[in-house]
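Structure first, then comments.
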Amino acid sequence: MKLMTPIKAGLFAASAAAISLASFAQAEEVVVYSARNEQLIKPLFDAYTKQTGVQIKFVTDKEGPLMERLKAEAANTPADMLITVDAGNLWQAANQGLLQPVVSTTLNANIPAHLRDPKNQWFGLSVRARTIFFNSQKLKATDLSSYEDLADPKWKGKLCLRTSKKVYNQSLTAMLIDEHGEAKTEQIIKGWVANLATDVFADDTKMLEAIAAGQCEVGIANTYYYGRLMEKKPTLPISIFWANQNAKGVHVNVSGAGITKYAKNRAGAQKLLEWLSSDKAQNLFTDLDMEYPANPAVKADPKLLAWGPFKQNLINVNKAGELQTAAVKLMDRAGYK
Amino acid sequence: MNTVLANRHALTTYCLSLARFLTGWRLAAFLVSLITLVPLLVVLFSLFSPEPEIWDHLRQYVLPDLLINTFWLALGVALGTGFLGVSLAWLTAVCEFPGRRIFAWALMLPLAIPAYVAAFVNIGLFDFTGPLQTALRLWFGSSAWFPPIRSRGGVILVMTLSLYPYVYLLARNAFMTQGKRSLEVAQSLGLSRLAGFFKVALPMARPWIFSGIMLALMESLADFGTVAVFNYDTFTTAIYKAWFGLFSLSSASQLASILVMLVLLLALGEQSWRGAKRYHATGKSNQSRYTLQPFLGWISCLYAGLILALAFALPVGQLLVWCVEVFAEDFDSRYPMFVLHSVLLSSMAALLVVVAALLLAYALRLYNDWPTRFFGRLSTLGYAIPGSVLAVGVFIPVAWLDNQLIAILKPWLGGGAILRGTLTVMLLAYVARFLAPGFNAIDSAMQRITRSQEEAARGMGLSGWRLFIRVHLPLLRGGIFSAAMLVFVDVMKEMPITLMTRPFGWDTLSVRVFEMTSEGQWERAALPAVALVIAGLIPVILLTRQAEH
């Protein structure tokens, strides 16, 4: 430690001097806390910096620790923006008073109402569809209909699922609760559990591979995992099925962002947020991770368009947050591990 | 009036005795233990804000299964690492067999592989969709008889294979320093070689073996990554469920507190069991070994080779294959920086932990009273707390202090963060988390120093610092090396604290691994994982060779 002190003192003095000297010419900077992976977010930031000259400093971590960090730092936080995956997490951040409302006609025009917070504290930036996948050698698309149908005893021993600990399944369950109420949803989840072919999986990709290998015939996953897997192994016999098209539509979730309550560079953060909703950034979102653009004016990547059009469930994704705790408890009661 | 005076007098006496109690080494040790105690207290503080509704739910639907799972995991890992660690340590320290010289250091290599990486590799290879079962189905039409890897046995196996080096390293140190003479004494008293092992060598190495098993246990109790890959729900799962699923950090901390107390009880239990026994060496340690008969020798070679293959060669082999697949796409000019950051942080943390552990162990040697012992034990408990929870425990007080400082210094410094975002916070957090491996290795070595060695030195006029530097330090070399190595490798692999406290731009190899694995892109995590293994291996090899001489 002794050794560190002079070095740090020197650095500190140097950086203090640099700041005071450069404060006039200093480039603008936006600081971001991101729960979205570095490799999926950095290219966007780089593009923004290239276009505007605004520097973006960011750290990545899981949502939980990032939110605790924001809470502990309170008014002194360096962060201007919080980016997370899953609406449930965004709702929590807003609910814990970590974000502030943003009034922006651009954002309101670019992001549909069901993909943003009713109080405008956060905005969905990319859409993640969670739908049904099946082994195309064993099943036909006509065998399938809805998430609810997978609880039917006819699927006994044929269903694969990812763990209930993943927020994607918690959000899906939250949506089911909103639509059907707790009692019926619990019946559905119990039905799923009874139909499982094998223990639940830790990730979507392994689950999709199990469908392909014939360990089970059908399962629920996010489309971009399917996209990534098929890119590597195009011959796997797995097909996509758009669930609940005769009902409310496919369950979608978002990754999104909000401006932190104590942002130092509020205006800069808002500009970045607006840019992220623009067509240039939206195209990058879909190219990088095969997610769907949140901005309906932007066309998805051709690979995604090949999977066909589908009807989204237009219920506000905010519900995923409100009902997440209820969903987690319900899945525990139903024995969904 | 009188009572006031009497009270004041009592207070003064109390303060004086406290001041007298807290002098020198003891004060230093107390300050060291504060680094862990503060975050620990932040976590324990949660016990005052119960959330009955969440607790009811956890108690009813979540905890029963988890406790059973955790119990089996702890038991399995304790027995497994104990057996592998002790048997391999005995073979390489005391016996001579083909390949011994290589195995002596190679058996430590699995330390460099993060357990959750080994977990994923094993699932990738042995699950239904893996190449092995796929091939079996191709040949026999079914692989139904193949034991499922995603099972209790699978988790225990993978965790044992990646944690046994803790026991191996410490037990080997014990067998090496024990001196062959104690065994010869046993034999001269008519004990067979096997009986000598069980009746003399093993009991004499107990503090080391226990320390090793304790480390493996704490690590498996605090583990989240590995059990998550297996979807095997343990106590940690409940902690994360309370935090990330039910959004109650206080319930999560309460669960963590229970875990900590459990480990504390276990540690104190062992201490009272150990009681006043001493574990000094008999005679000088000796490099001559028992040469095993050819048959036994080759069996030993096979056994050590099998463990090494399963625990190291197999996962690294798979990682290398993936690495080749993604290298062109993922390797970029930032990698040297990631390696540099990892190595720099790990070395600094190792150095700090060794100093802190030395202070603590030395204070414990000088003052063997219960408060010192109790605080000594308390300050190693950071290892039993899941990393993310401990990271919060570190971050909250630091941020609080920072906010106070900023408020005071604002007129001069303009209101930027002072402590946060510096390496100091990270390093403090590493000390809080990794004091246990450092302390256990050094404290066990301290047990080997006899009182007579000390008295002889005192007789020659050495005392205080000079006694410590001239006599204790050289005798503690083996323990210090083990401590530094364990901490170095542990910090290389560490994720939650690094993620939460790193300054902007201080990404490390384990941060890269996190970025890739958090979305299930395991193949792409292979590159940083391999780099991590290689960078972690160099000290392993260097230090083992050092320890051999």
So A:L284 clears everything in (1) open to solvent by 60 Å² or more (accessible area, probe 1.4 Å); (2) farther than 26 Å from A:N169 by Cβ; (3) touching a residue at least 12 places away in the same chain (Cβ under 8 Å) except one condition, right? Which one?
(1)
A:S34 vs (1) more than 9 Å from chain B (Cβ to nearest Cβ); (2) open to solvent by 30 Å² or more (accessible area, probe 1.4 Å); (3) within 27 Å of B:A252 (Cβ to Cβ): all pass except (2)
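Could you pull out the residue among B:I239, B:I209 that is buried (at least 21 other Cβ atoms within 10 Å of the Cβ), under 21 Å from the mean Cα position of the chain (by Cα) and either within 14 Å of chain A (Cβ to nearest Cβ) or of a type in the set (G, A, S) (or both)? Talk me through it step by step, then tell me what you get.
Working: B:I209 fails: either within 14 Å of chain A (Cβ to nearest Cβ) or of a type in the set (G, A, S) (or both).
Sole residue among the options that is buried (at least 21 other Cβ atoms within 10 Å of the Cβ), under 21 Å from the mean Cα position of the chain (by Cα) and either within 14 Å of chain A (Cβ to nearest Cβ) or of a type in the set (G, A, S) (or both): B:I239.
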Filter result (crowded, with 19+ Cβ neighbours inside 10 Å, within 9 Å of chain B (Cβ to nearest Cβ) and within 16 Å of A:E29 (Cα to Cα)) within the stretch A:50-75
A:F58, A:V59
State the number of residues belonging to the stretch A:76-97 that are under 17 Å from the mean Cα position of the chain (by Cα) and at the interface with chain B (Cβ under 7 Å from one of its Cβ atoms).
1
Scope the stretch B:185-237; condition of a type in the set (A, V, I, L, M) and at pLDDT 90 or above; matching residues
B:I209, B:I213, B:M214, B:L215, B:A216, B:L217, B:M218, B:L221, B:A222, B:V227, B:A228, B:V229
Residue list for the stretch B:401-419, filter: open to solvent by 10 Å² or more (accessible area, probe 1.4 Å), at the interface with chain A (Cβ under 7 Å from one of its Cβ atoms) and either in a helix (DSSP H, G or I) or charged (D, E, K, R) (or both):
B:N403
If I filter the stretch A:120-142 for residues that are more than 16 Å from the chain's Cα centre (by Cα), without any contact (Cβ under 8 Å) to a residue 24 or more places away in the chain, surrounded by fewer than 22 Cβ atoms within 10 Å (Cβ to Cβ) and not in a loop (DSSP other than H, G, I, E, B), do I get at least one hit?
yes
Looking at the stretch B:304-311, is at least one residue surrounded by 16 or more Cβ atoms within 10 Å (Cβ to Cβ) and at pLDDT below 85?
no
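Hand me the list of helices (runs of 4 or more DSSP H) wholly inside the stretch A:155-261 holding 2 or more residues that are touching a residue at least 60 places away in the same chain (Cβ under 8 Å) and of a type in the set (F, W, Y). Lay out the reasoning, then the answer.
Details: elements: A:167-180, A:182-195, A:204-213, A:223-232.
Hits in the stretch A:155-261: A:223-232.
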Which of the residues belonging to the stretch B:329-359 are in a helix (DSSP H, G or I), more than 13 Å from chain A (Cβ to nearest Cβ) and either out of contact with any helix residue (DSSP H, G or I) (no Cβ under 9 Å at 6 or more places or on another chain) or open to solvent by 40 Å² or more (accessible area, probe 1.4 Å) (or both)?
B:P336, B:M337, B:V339, B:L340, B:V343
Can you find a residue in the stretch B:429-442 that is open to solvent by 10 Å² or more (accessible area, probe 1.4 Å) and farther than 23 Å from B:L266 by Cα?
no
Which condition number in (1) open to solvent by 10 Å² or more (accessible area, probe 1.4 Å); (2) farther than 23 Å from A:S146 by Cβ; (3) touching a strand residue (DSSP E or B) at 6+ places or on another chain (Cβ under 7 Å); (4) of a type outside the set (A, V, I, L, M, F, W, C) is the one that A:E217 fails?
(2)
Filter the stretch B:489-531 down to residues that are hydrophobic (A, V, I, L, M, F, W, C), open to solvent by less than 10 Å² (accessible area, probe 1.4 Å) and closer than 22 Å to B:L428 by Cα and give me whichever is farthest from the other protein chains (Cβ to nearest Cβ).
B:V489
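The values are calculated or read from the model by the stated rules, or taken from the named source; none is laboratory data. Bear in mind the structure is a predicted one, so any value in this text is a computation, not a measurement. Cβ: placed from backbone, ideal geometry, glycine included. Neighbour counts: every protein chain shown. The area values use the complete protein model at the heavy-atom level, side chains included, leaving out ligands, DNA and RNA. Shrake-Rupley method; radii C 1.70, N 1.55, O 1.52, S 1.80 Å.
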